[in-house]
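Please read the structure below before turning to the comments.
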Amino acid sequence: MLKKLLAITTIFILLFAIVGCQTDTSDDPGTDDPVDTPDDGVSKIIMITDTGGIHDKSFNQSAWEGLQTLVDKYPDVEFNYILSNSETEYASNMRTAVDSGSDLTWAVGFMLADDMAEIADSMPDAKFGIIDVDWLDYENLVQVAFKEHEGSFLVGLVAGMTTESNKVAFVGGMSGDLIKRFEVGFRAGVKAVNPDAEIQVAYVESWDNTQIAKETADTMFDQGADVIYHAAGGAGVGVFESAKARGTGPEGFWTIGVDRDQYEEAPDNMLTSMFKNVGGAMAMLSERLIADGIFNGGEVLLLGLAEDGVGVAPTSDITIPEEIREDVFATIEEYTEMIKSGELVVPATEDQFEEYMGN
């Protein structure tokens, strides 16, 4: 596979600049039928969602918010999205985007990978980007992947230092290698600071079923967990609903968000969020094409802690309990430097976790 990784310093500077100016414009309308615009330079960039929808308060929304940071800067470029109501629509939505004049068509999520392979192969003159995929090999496709296990390790540290019951939990969306990285990194972080903690794990096999996620979280809280980290896309809202229904109090019913800062979804119950710079990466690569005409087909952009691609949400400085906040931040900083330097390699698979634990 051809992988052309960007220089770390360039990634850090560009991503930091983009993240710093992001605002919540997720209510901007998209379309199911984009309107043609003249083919003069870059005139249109279209994003294809997965089935979670544009208002999933997580992955798709983060991606769309990233593109929206470019709207005022490039008023002559149309930024739009096409909703995928089912997996059977992925390929047709990509074709619709290209046929309507999209100069760069983004696919949001690994669930679109097979269809992207088909479309990229059959439409070699079109330009594509895809998120959370690094295994395709097409000269008209840019891929962006993240070291989710590194960011999940950090929120695992927070969970392990916060829990009073010594029981924490993880709720995943669709099972697979990607979400496994979230789970394994989280478990490794918990165990790094609290080796005796019990960790429950469940997958809801959905990105949008908030009810089953709520029922799963209810069971976990009933069994004694007091911190639950979700990586379930829009379904994760059900985890927040479960915690909010129980209220707050000295016993604590904490949740940990994912992909974007999800503080607003459960202000009294949000311990922290694992921030994943999906929107920043998409905006950076889109702007590179718009402003400089640069499109490095075949490129794979891999972003971890060292590249500012993942991390702990900024609202953590008000959500983490004040009595432990200083110690938690010191611990996060210590482990972040270890990971960036290579002194600590965070496990991403079950086999690596067993090795990490010395088993």
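The values are calculated or read from the model by the stated rules, or taken from the named source; none is laboratory data. All of these numbers come straight from a predicted model, not from anything done at the bench. Every residue, glycine among them, receives a Cβ derived from its backbone with ideal geometry; neighbour counts consider all protein chains shown.
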Quick one: count up the residues across the stretch 222-261 that are free of Cβ contacts under 8 Å to residues at least 60 places away in the same chain, charged (D, E, K, R) and in a loop (DSSP other than H, G, I, E, B).
2
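Can you tell me which residue is surrounded by the most Cβ atoms within 10 Å (Cβ to Cβ) among those in the stretch 340-359 that are polar (S, T, N, Q) and in a helix (DSSP H, G or I)?
The selected residue is Gln352.
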Filtering the stretch 244-294 down to residues that are among the β-branched types (Val, Ile, Thr) and in contact with an Asp or Glu (Cβ under 7 Å, 6 or more places away or on another chain) yields Thr248, Val278
Please indicate, with yes or no, whether at least one residue in the stretch 162-175 is more than 26 Å from Ile332 (Cβ to Cβ) and out of contact with any Gly (no Cβ under 6 Å at 6 or more places or on another chain).
yes
Any idea which residue in the stretch 303-333 is surrounded by the fewest Cβ atoms within 10 Å (Cβ to Cβ), counting only those that are touching a Leu at 6+ places or on another chain (Cβ under 9 Å) and not hydrophobic (A, V, I, L, M, F, W, C)?
Pro321
Quick one: in the stretch 207-256, which of the residues that are aromatic (Phe, Trp, Tyr) and more than 21 Å from Val184 (Cβ to Cβ) is modelled with the lowest pLDDT?
Phe253
